[in-house]
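**Student:** Sharing a structure, written as structure tokens. Questions coming.
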Amino acid sequence: MIPIVCHNPYHRTDESSFAVVWSSYRYHIAILFMLSSLGIVEIAHASNTSYVNSTPRVIINNGVIPEVSEPFLREVFSGKLRHWPDGQPITVIVFPSDHPLHHEFIQERLHMFPYQIERIWNKRIYSGRAVPPLIVSSIEQMHHAVANIRGAIGYLPEGVAEQEHRDTQSLLQHVNTYARQGG
Amino acid sequence: MLIIREYSQPHSAYLSLLFGVLLSIYCIPAASQEDHNQRWQVNGFIAQGLTKTDNSGFINFDNSLSLHLTELGLSARYTLDDSLSFAGQIVYLDADNRYVKGARVDYAFVDWQTNLFADVKWSLHAQIGRVKNGHWLYSDTRDVPHTRLTTILPQSIYFDGFRDVALSSDGVAWQLHHLSDKGTWQLKWSLGSSPLDNDQRDRLFSPLATGTLTQTFTHQVSVFFAPNNTNLELGISVLDSDFKYVPGAPDSEPFSRGRATSQRVMLHVQYYALNWEFSSEIMRERAVIKDALFNGFLSDEFGDGGYVQGRYMIDARHSILARIDLFDKNEEDRAGQRLIEQSQGQIPEYFTSMDQVTLGWRWEIADRWQLQTEFHRTKGAGRLTPILFPNSSLNPKQYWSMASIQLIHWF
């Protein structure tokens, strides 16, 4: 049998007044803290929308393009949505997580945060539910990768995207997400 | 080479199967070597840390500085075609008393994903094999150190004693995604059971048991909703699971045949902001034990608990965390008086609850390298093993502390 130390069952020697209050109201305190946090959430959400001015554009290499809304892009660039409407697998191409354009794209286009995206990807990759995105280090590599991989999706700076679009109009679909929202 | 000691029965069979399948896949002729390489994806992680407790057997029996905080993992994924993949991961874990030391097959499943109605607004994702529990915020990667905010997760929800039962199960799972005008919906469902070996029987039931403890099934459903234009996610999940105990040899077995049921309802919330994040999960659970201790024994208790935690990012590399975690094993005995009476004074009242305050600091040293440290101040011992027969000699104080530091690398 396991050795068990006997305690005086009804005598709580270390019961301070704080402990009494905590014991009696700990759930109330926790719920209050939770609600306060949610209140702060709304304030912070309003104050955290000062995104950078540049507007990276989405580039897509696929014959069929759905309505490219912000929720759609969030799902794709989080690795949750993996197929185009025609069944073609989506290959996500991004810049490294510390690249300024990556930060701009995540915050400006997806209205998410780089650490948030990274967490979601890590959880999906290490639970076996996603293949990591393809990472490129330059604008040339981004253009080359999207142009040569069927089903690829990536992003470029605004002016560059327009130029690339003119140069490779037959292959690359250049999408301004806001222009296409709501049809 | 990893030595599989405790998991000699169900897990070694799974390891053999996993390696066999991976080897077979590797030998499949591909159109080209480049094509073959593109279909493979290999990832992994390695983490080593130190832990120290006082007045608790949570980590070790003598409260000495423990080097046993090791987590290793290697995962592979092979894409069979546009919709079908095979994925598996083996892990080696050593966390002293927290759970059984050894190698495990974390997951090994066939993965299938497709759009429904030729519409990206509806997609279905399904797995069959050893599938992960993806219903809670940290459940599917609770052993992957860089995906969680602390080395030791809040025990009210992520009780280490239930780790192997709660992490994954052999069965099927599917997730339905829908992009609506209001936000993104996820409906998740899973059904299966987890293999339990003798060590887990000892932790969940009693070290004196000589029989066989099996999980009959675990059934989970969850719904998550992320409103558009926010970084908020809300969810609700339910769990129903049954266990049965078959006694061993009559001359050495103090227990009788019995059944147990575990049911849980949980609420989840997670919010991301520019410099900080917030998450919380609360639950109410029911534990029913019929017979097992002796014929005619019946225990039917409702417990509850949950945590709230926030992380603030000081700069790109440093962040701090604060968390409050609460747990009561029995809603009708929050003070533990009934526990004392039932045990005839053998088990102190603080084994009926466990409240914890945690402070943590994270330093992202370099790309894919991270140092994580934390301090826990705890009141109570309600989330320590063995569950049915608590060991108060190893946990002599109501208040106890724990500190840990862990270096993590992933690839």
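**Student:** Can you compute the charge dipole magnitude of the range B:13-410 about its Cα centre, using +1 on each Lys and Arg Cβ and -1 on each Asp and Glu Cβ, nothing else charged? Give it in debye, rounded to the nearest 20. Let's see the in-between values first.
**Tutor:** Numbers: 35 positive and 45 negative charges, 49 e Å.
Charge dipole of the range B:13-410: 240 debye, to the nearest 20.
**Student:** If you don't mind, there's one more thing I want to ask. Let me confirm one metric for peptide B:173-182, namely the mean number of other chain beta-carbon atoms within 10 Å of its residues' beta-carbons. Mind showing how you got there, number by number?
**Tutor:** Working: counts 0, 0, 2, 0, 3, 0, 9, 1, 2, 1.
Partner-chain Cβ atoms within 10 Å, mean over residues of B:173-182: 2.
**Student:** Which whole-number percent gives the relative contact order of chain B, counting Cα pairs below 8 Å spaced six or more residues apart? It would help to have the intermediate numbers written out before the result.
**Tutor:** On the way: 1059 pairs, mean separation 55.6, N = 411.
The normalised contact order for chain B reaches 14 percent.
**Student:** Do any residues of the range B:77-102 lose at least 40 Å² of accessible area when the full set of protein chains is present rather than just their chain alone, and if so which, with a 1.4 Å probe?
**Tutor:** Relative to the lone chain, where solvent access is computed with a 1.4 Å probe, the range B:77-102 loses at least 40 Å² at B:77, B:82.
**Student:** As a test of reading the structure, rank B:182, B:329, B:244 by solvent-accessible area (1.4 Å probe, protein chains only), most first. Could you put the intermediate results ahead of the total?
**Tutor:** Numbers: B:182 155, B:329 55, B:244 90 Å².
In descending accessible area the options line up as B:182, B:244, B:329.
**Student:** Round to a whole number: what % of the accessible area of the range B:13-410 belongs to carbon and sulfur, probe 1.4 Å?
**Tutor:** Heavy-atom surface of the range B:13-410 belonging to carbon and sulfur, 1.4 Å probe: 61 percent.
**Student:** Please average, across the residues of A:81-89, the number of beta carbons from any other chain that are within 10 Å of each residue's own beta carbon, and give a whole number. Provide the component values of the computation, followed by the final result.
**Tutor:** Values: counts 9, 9, 8, 3, 6, 2, 5, 1, 5.
Mean partner shielding for this stretch: 5.
**Student:** Additional query: DSSP loop (so not H, G, I, E, B), at most 14 other Cβ within 10 Å: list which trypsin sites (Lys or Arg not before Pro) in the range A:96-152 pass both filters. Write out the running numbers ahead of the final one.
**Tutor:** Numbers: sites: A:109, A:119, A:123, A:124, A:129, A:150; in loops: A:129, A:150.
Those satisfying the criteria are A:150.
**Student:** Taking a probe of 1.4 angstrom, what is the accessible area of residue B:107 in Å², to the nearest 10?
**Tutor:** Rounded to the nearest 10, that gives 0 Å².
**Student:** Sticking with this structure for a sec: Could you pull the accessible area for residue B:217 with a 1.4 Å probe, rounded to 10 Å²?
**Tutor:** That residue has around 60 Å² of solvent-accessible surface.
**Student:** Could you order B:160, B:119 by accessible surface area, starting with the largest, using a probe radius of 1.4 Å? The partial results should precede the final answer.
**Tutor:** Numbers: B:160 10, B:119 50 Å².
Final ranking, largest accessible area leading: B:119, B:160.
**Student:** Turning to a different aspect of this structure: Ignoring ligands, DNA and RNA, how much accessible area is buried between chains A and B, both sides summed, with a 1.4 Å probe, to the nearest 100 Å²?
**Tutor:** Details: alone 11910 and 19400 Å², together 24990 Å².
Chains A and B together bury roughly 6300 Å² of accessible area.
**Student:** Roughly what % of Cα-Cα distances in chain B sit above 29 Å, to the whole percent?
**Tutor:** Details: 40553 of 84255 pairs.
So the pairs more than 29 Å apart make up 48 percent of the total in chain B.
**Student:** How tilted is helix B:10-27 with respect to the longest principal axis of chain B? Cα atoms for both, answer in degrees (0 to 90, nearest 10).
**Tutor:** Helix B:10-27 and the main axis of chain B meet at about 10 degrees.
**Student:** Another question about this same structure. At 1.4 Å probe size, put B:286, B:163, A:74 in order of accessible surface, largest to smallest.
**Tutor:** Details: B:286 75, B:163 5, A:74 40 Å².
Reading off the accessible areas and sorting them downward yields B:286, A:74, B:163.
**Student:** Right, next: Give the accessible surface of the range B:13-410 per residue, rounded to a whole number of Å², with probe radius 1.4 Å and ligands, DNA and RNA excluded. Walk me through the numbers before you get to the answer.
**Tutor:** Numbers: 15320 Å² over 398 residues.
With the other protein chains kept in place, the range B:13-410 gives 38 Å² per residue.
**Student:** Here's another thing I want to ask about it. On average, how many beta carbons from a partner chain sit within 10 Å of the beta carbon of a residue in B:273-280?
**Tutor:** On the way: counts 9, 11, 4, 5, 5, 6, 1, 6.
Counting Cβ atoms of other protein chains within 10 Å of each residue's Cβ and averaging gives 6.
The values are calculated or read from the model by the stated rules, or taken from the named source; none is laboratory data. These numbers come from a predicted model, not from an experiment. Don't worry about glycine lacking a Cβ; one is built from the backbone with ideal geometry, like all the others, and counts go over all protein chains shown. Side chains are part of the model used for accessible areas, which takes the heavy atoms of the whole protein and leaves out ligands, DNA and RNA. Shrake-Rupley method; radii C 1.70, N 1.55, O 1.52, S 1.80 Å.
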